[in-house]
Each structure stands twice: as structure tokens, then as C-alpha cells.
Amino acid sequence: MTSDASLTDQAAATLRQDILACRLFPGATLSEAATAERLGLGKAPIRAALARLAEEGLVAAVPRRGWVVSTVTIRDIHEVFELRLLLEPEAARRAAGRIDAAALARLDAVCQAGYQPEDAESALAFLSANRAFHVAIAELAGNARLARQIGRLLDESTRMLVLGLGRRDRTGEMAHEHRELISALADGQADEAARIATQQISASRDMVFTALTGAGSPVSVT
């Protein structure tokens, strides 16, 4: 028999992925009853899953409307990428020279995963691999809390990148940047690894900011 906890985990994982992939668009209203029917689950695990996602900042409870997918604001963009710029270059610096051949192969596989320009779903697949790539680097830095925090920030920025990639495809550039970073990490070039990480995050931030604040933006950010 499936426990209530595992059903909540299942619902939370599905809804989280739908939100990050923008299948549930910023500002969309979520009905517990409709969501339960769509996922084939009861209302209790759906309610618990939505409460968990509210703690992560992905949804919010709104009186008389139910649950609403959190919007993306200019402040969100600045804050998420500012924190990434503080944490990820330092993680790369600490990870430099600490990877062995097996870890290097794992990073390279993650770097390449999901990037197929002819595939309409490749952007989502690549961004999932991108998250795993950067979390793996943070884990190699030897600080579990740092890795978890970077993972949360990457979840937030994934949604921004999905919206931004709709206006400009950076997946090819990001794959190239990953290869450069792997090389610096393998050679123990701590400063170079930190520089490449900074450059990649800054470029992604600029792409997102331009895409979501320019004419024809897919969402309204304030």
C-alpha cells in the first residue's frame, strides 16, 4: 500500500517539475480538486504537496483563489543570480583539483546530456542536466549545505531560464562553458574555474533579464 507521505512526494515532484518547466505558467491558479483529478491522487496529498511547494516559494495560497503559481519579478532575477554569483564560483574554486577520472567522466556525461538542437524538449532536458552538473561541482567542494543551497537556487533559476530560452537559445554556449569548466577543474585551476563559473552565471542572468523585460516578454515582471 502506498503511504500518504510517498503520495505527497509524488505530487510535489510532479507539480515542481511542471512549474519549473513552465507547463504551469507564472500566475496560474491551481485548484486542489482539479489537480487531484489530473494527477489521479486524493486531495490530501495534493494539499500537502502544495504546502511544501509554498515553503519553496513556487506557489502561494491566495484567499478566495486557492493556490497560485508564484510570479517572476525583477527582484527575483537579481536576487537569485546574485546568490548564484556568490556561491557557485566559490564552489568551483574549492572543487578544483579534487576530481578524479570517474568524477570527471560523470561531469562530462551530465554536461552533454539532453542537448539535442533538433529536439523541441532539449532545452528542458539540458536545463535539468545543467542543474545536476552544478550541484555535482558543489558536492565535490565538500560542503553538503552549500550543495543543497545551490540546488535550490538552480531550481528557481531553471524557471527563469526556461522563459528566457524561449527568446534566445543559450544551450550551445552553456555546453561549451561546461567543457571549459571541467577542464579547469581537472587541471586544478581554482581561479580559472571560479572565473568561468562567474562568466557563465552572468551571461545567463543577462539573457534572462533581457528576455523577460524586453518587448514581447512571455511574462509580466515588475
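The values are calculated or read from the model by the stated rules, or taken from the named source; none is laboratory data. Small disclaimer: the values here were computed from a predicted structure and weren't measured. All Cβ positions, even for glycine, are placed from backbone atoms using ideal geometry, and neighbour counts span all protein chains on display. Calculation scope for accessible area: heavy atoms of the full protein, side chains included, ligands and nucleic acids excluded. Shrake-Rupley method; radii C 1.70, N 1.55, O 1.52, S 1.80 Å.
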Since ARG16 meets every condition but one in (1) part of a helix (DSSP H, G or I); (2) open to solvent by less than 80 Å² (accessible area, probe 1.4 Å); (3) out of contact with any Asp or Glu (no Cβ under 9 Å at 6 or more places or on another chain), which condition does it not meet? (3)
Can you name every residue in region 35-50 that is part of a helix (DSSP H, G or I) and either open to solvent by less than 60 Å² (accessible area, probe 1.4 Å) or of a type in the set (Asp, Glu) (or both)? THR35, ALA36, GLU37, LEU39, PRO45, ILE46, ALA48, ALA49, LEU50
Give region 174-210 a look and list any residue that's farther than 18 Å from SER128 by Cα and among the polar types (S, T, N, Q), or say none. SER183, GLN189, THR198, GLN199, SER202, THR210
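For region 23-30, does any single residue satisfy the condition of being in contact (Cβ under 8 Å) with a residue 12 or more places away in the chain and part of a helix (DSSP H, G or I)? I'd like the intermediate steps shown before the answer.
If we filter region 23-30 for residues that are in contact (Cβ under 8 Å) with a residue 12 or more places away in the chain, which is where we start, we get 24-30.
When the remaining residues are screened for being part of a helix (DSSP H, G or I), the result is none.
The answer is no, given that none of the residues of region 23-30 is in contact (Cβ under 8 Å) with a residue 12 or more places away in the chain and part of a helix (DSSP H, G or I).
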Those residues of region 51-81 that are buried (at least 20 other Cβ atoms within 10 Å of the Cβ) and over 22 Å from the mean Cα position of the chain (by Cα) come to a total of 0
ASP119 being in a helix (DSSP H, G or I) and at pLDDT below 75: no
